[in-house]
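The values are calculated or read from the model by the stated rules, or taken from the named source; none is laboratory data. Since the structure is predicted, the reported quantities are computational estimates derived from the model, not experimental observations. Cβ atoms come from the backbone with ideal geometry, glycine included; neighbour counts cover every protein chain shown. Heavy atoms of the whole protein, side chains included, go into the accessibility calculation; ligands, DNA and RNA do not. Shrake-Rupley method; radii C 1.70, N 1.55, O 1.52, S 1.80 Å.
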Amino acid sequence: MNPFEDQPPSVEFDGVGFRYGRGPEILQDLRFTLQPGSFHFLSGPSGAGKTTLIRLMLLAVRPTRGLMRLFGADAGRLAGPALTATRRRMGVVFQDFRLLDHLTLYQNVALPLVVQGYEEATFRGEVLELLQWVGLDREAGTLPPTLSGGEKQRAAIARALIAKPQLILADEPTGNVDPAMARRLLHLFVELNRFGTSVVIATHDVALMDQVEASRLILADGRVYVDP
Amino acid sequence: MTRPHHPQDEPRARAPIQAFGHPGRLVPSEGGAERSLAAVIAILTFLAALVAGAAEIGLTTAASWQQALGREATIQVRPAPGRDLEADTERGAAIARATPGILSVRKVPAAEAARLLEPWLGTGADLSDLPVPRLVALALDPGRRPDLPGLAERLRAAVPPATLDTHQAWMERLSRVAVAGGALAAAIVGLVLLASAGATAFATRGVLAGHREVVEVLHLAGAEDRFVARLFARRFARLGLGGAVAGATAAGLLMLALGSLPARFGPDNDGIQGLFGAVSLGWRGYGAIAAVMLLQGVVAGQVAAAAVKRFLKATS
Ligand SMILES: Nc1ncnc2c1ncn2[C@@H]1O[C@H](COP(=O)(O)OP(=O)(O)OP(=O)(O)O)[C@@H](O)[C@H]1O
Ligand SMILES: [Mg+2]
């Protein structure tokens with residue numbers, strides 16, 4: 001039995017193309033579907049457009065042609081509260097973390113809940129628990145600039161997960177941690193996927209990809225190939 | 001991943017976990033730009049409030065002059081060859097007495113008229129040889145203005161050397177000056193408000209551009225435009241209102257100080273006080289300053305909110 005039978009695909013690309021400004025078309029004619037509850041690695045050489053593809057799915061940039069659907073809705077028409085609602089169904093780990101330097105790790109991780117209007121009393125325990133899970137409980141009160149790359153990365157992951165999104169987009173989430181921590185973090189994503197969250201992890205770490213049975217989206221020459 | 005010891009509240013022991021407190025803290029404060037905006041608004045409000053206060057003093061003074069002038073008129077009887085000045089004066093006074101709306105008629109004694117001329121002629125001048133006109137002072141009923149043109153007409157017919165001086169020309173000129181002064185003050189206040197609006201829009205855009213990254217993270221974390229807009233708009237409104245309150249308070253204190261100055265320099269009615277009666281601001285003057293302050297605060301708040309909205313529309 002497929003528990004997601006009556007749900008639309010999390011992501012649907014139909015002939016999507018994208019260019020930055022007047023530059024060349026970095027992504028061409030993308031055509032793929034991510035089913036709810038699926039687990040995908042997104043790989044491809046540096047500069048292939050992995051980050052750009054994630055920014056597209058995040059609605060940080062919009063397709064310059066083609067049709068993109070998120071949770072069944074035409075992304076080209078999303079605006080205002082509907083756009084915000086769609087973003088709240090996604091959690092993202094940026095390749096460059098994008099932690100807010102003037103907020104503590106605790107506050108950074110709690111950010112998605114705060115901007116959604118939750119009272120601190122309702123989430124304090126959860127945030128501390130998640131920080132402990134990624135090994136940052138002792139750093140909860142620290143500001144990001146004083147942390148190592150790996151610590152920032154784990155905080156960014158915690159922030160992406162805290163609001164229990166339906167789709168997690170992680171851009172090189174293990175690029176700055178040792179193999180043991182990478183395994184631990186990957187396990188976290190697998191665990192979340194088991195509970196129904198769709199996961200997309202952009203990486204060129206082959207060793208990492210070999211640890212999980214998952215389909216791969218391979219970006220090359222502006223096109224995407226799905227394997228299998 | 002095992003730690004030597006791992007008590008539950010160790011994080012708090014090492015670095016206190018700050019609660020969020022006010023959500024405004026989600027956006028770092030841009031100290032410099034924000035302080036200079038508050039300073040600019042304070043200065044502009046100070047100037048506008050001074051102008052408004054001064055305009056109020058001017059208008060009040062003009063009104064009291066007008067009231068005083070409107071309560072009196074003078075009949076001037078010139079000596080004419082072959083006529084009895086004293087008889088002409090009495091006839092003029094009698095015509096005035098017979099006019100309804102005139103409260104009292106007083107023939108100014110020749111000696112008093114002489115005293116009025118002292119500054120020009122010196123004391124002890126013998127006026128009996130000079131053709132000094134006689135004056136009849138009329139007190140008018142402010143509630144029931146007499147028919148002054150009619151009175152002038154009757155005087156001209158009955159006593160040709162007598163003329164009626166109603167101060168009408170003065171009053172008209174005074175009222176024109178008052179209107180022009182009031183309009184000028186309003187225009188200056190308007191211009192100052194415009195300048196504040198410009199400064200606020202400029203500063204808001206600058207600060208927002210500096211926080212583009214933070215705004216994007218907030219958006220991608222699921223913040224609604226409304227939420228982000230509130231973070232910034234509230235802050236700028238508070239800055240604007242703070243600047244406005246500071247500027248208006250300074251202007252009010254300055255007015256208060258000026259009002260007490262002449263009294264401190266002695267009771268003589270020379271100088272500023274002699275000219276204006278008093279430079280003290282009435283409650284309407286302080287009301288004008290408060291109105292300028294509120295306008296400034298509202299304008300800053302509205303402009304900041306609009307600038308934030310426009311910025312968010314362009315970025316999301
Ligand atoms: N903001 C931008 N403006 C213009 N071009 C950009 C911008 N961001 C990325 N690019 C270009 O788009 C292409 C794809 O970049 P992208 O960051 O998506 O690659 P990537 O696959 O994530 O690379 P990496 O593995 O190194 O992170 C690159 O050629 C890059 O130069
Ligand atoms: Mg990248």
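Applying the Karplus relation 6.51 cos²θ - 1.76 cosθ + 1.60 with θ = phi - 60° to the range B:293-307 yields 3J(HN,Hα) values of 4, 5, 4, 4, x, 5, 4, 4, x, 5, 5, 4, 4, 5, 5 Hz, where x marks Gly and Pro. A 1.4 Å probe run over the protein chains yields, for the range B:79-160, 60 Å² of accessible area per residue, whole-number rounding. About its Cα centre, the dipole of the protein assembly as shown is roughly 580 debye, where the only charges are +1 on Lys and Arg Cβ and -1 on Asp and Glu Cβ.
Averaged over peptide B:221-232, the number of partner chain Cβ atoms lying within 10 Å of each residue's Cβ comes to 6. Taking a point 7 Å out from the Cα of B:R25 in the direction of its Cβ, the residues of the range A:89-123 whose backbone N falls within less than 17 Å of it are A:100-123. For the residues A:G117, A:G149, A:G135, a GNM of chain A with alpha-carbon springs under 10 Å puts the largest fluctuation on A:G117. In this structure, the amide hydrogen of A:Q211, modeled 1.01 Å from its nitrogen in the peptide plane, lies closer than 5 angstrom to no residue at least 5 positions away or on a different chain. For B:L140, the residues whose amide H sits under 5 Å from its own are B:E72, B:A73, B:L103, ignoring neighbours fewer than 5 places away on the same chain, with H placed 1.01 Å from N.
On the beta carbon distance between A:A207 and B:Q302, with R0 = 41 Å, the FRET formula returns roughly 0.10. With respect to chain A, whose longest principal axis is taken over its alpha-carbon atoms, helix A:179-194 is tilted by about 70°.
From the alpha carbon centroid of the range B:203-248 to that of the range B:60-78 is 57 Å. Applying 1/(1 + (r/R0)^6) with R0 = 25 Å to the Cβ-Cβ distance of B:A291 and B:A169 gives a FRET efficiency near 0.15.
Using only side-chain charges placed at the Cβ, +1 for Lys and Arg and -1 for Asp and Glu, the dipole size of chain A relative to its Cα centre rounds to 580 debye. The lysines whose alpha-carbon is closer than 29 Å to the alpha-carbon of A:K164, local same-chain residues fewer than 8 away aside, are A:K50, A:K152, B:K313. Looking at the range A:135-228, the GluC sites (Glu not before Pro) that sit in a DSSP loop and have at most 12 other Cβ atoms within 10 Å of their own Cβ are A:E213. In this structure A:V226 has an accessible area near 70 Å², from a 1.4 Å probe over the protein heavy atoms.
Count the DSSP beta bridges whose two residues both fall in the protein assembly as shown, then state the antiparallel fraction as a percent rounded to the nearest 5. About 65 percent, rounded to the nearest 5.
Taking a ≥ b ≥ c as the square roots of the eigenvalues of the Cα gyration tensor, the range B:79-160 is oblate, since a/c reaches 1.5 or more and a/b is not larger than b/c.
Pairing chains A and B buries close to 3100 square angstrom of accessible surface in total, based on protein heavy atoms and a 1.4 angstrom probe. Axis of helix A:149-161 versus longest Cα principal axis of chain A: the two differ by about 70°, to the nearest ten degrees. When you filter the chymotrypsin sites (Phe, Trp or Tyr not before Pro) in the range A:150-226 for DSSP loop state and at most 13 other Cβ atoms inside 10 Å of their Cβ, you are left with A:F195.
Calculated accessible area for chain A comes out at 43 Å² per residue, all protein chains present (probe 1.4 Å; ligands, DNA, RNA ignored). What list of ³J(HN,Hα) values in whole Hz, one per residue of the range B:225-233 in order, does the Karplus curve 6.51 cos²θ - 1.76 cosθ + 1.60 (θ = phi - 60°) give from phi, with Gly and Pro shown as x? Couplings: 3, 4, 5, 5, 4, 4, 3, 7, 4 Hz. Taking the C-alpha atoms only, the angle from helix A:120-133 to the longest principal axis of chain A is near 80 degrees. Phi angles of the range B:162-178 translate, via the Karplus equation with coefficients 6.51, -1.76, 1.60 and θ = phi - 60°, into HN-Hα couplings of 9, 10, 9, 9, 9, 6, 4, 4, 4, 4, 5, 4, 4, 5, 5, 4, 4 Hz per residue; Gly and Pro are given as x. Rounded to the nearest 5, the antiparallel percentage of DSSP beta bridges internal to chain A is 55%.
For peptide B:213-220, what's the mean number of Cβ atoms from other chains within 10 Å of each residue's Cβ?
Shielding by partners across B:213-220 averages 5.
Measuring r between the beta carbons of A:A82 and A:A180 and using R0 = 51 Å, the FRET efficiency lands at 0.75. Per the Cα gyration tensor, the protein assembly as shown maps to an equivalent ellipsoid with semi-axes of 87, 25, 17 Å, ordered largest to smallest.
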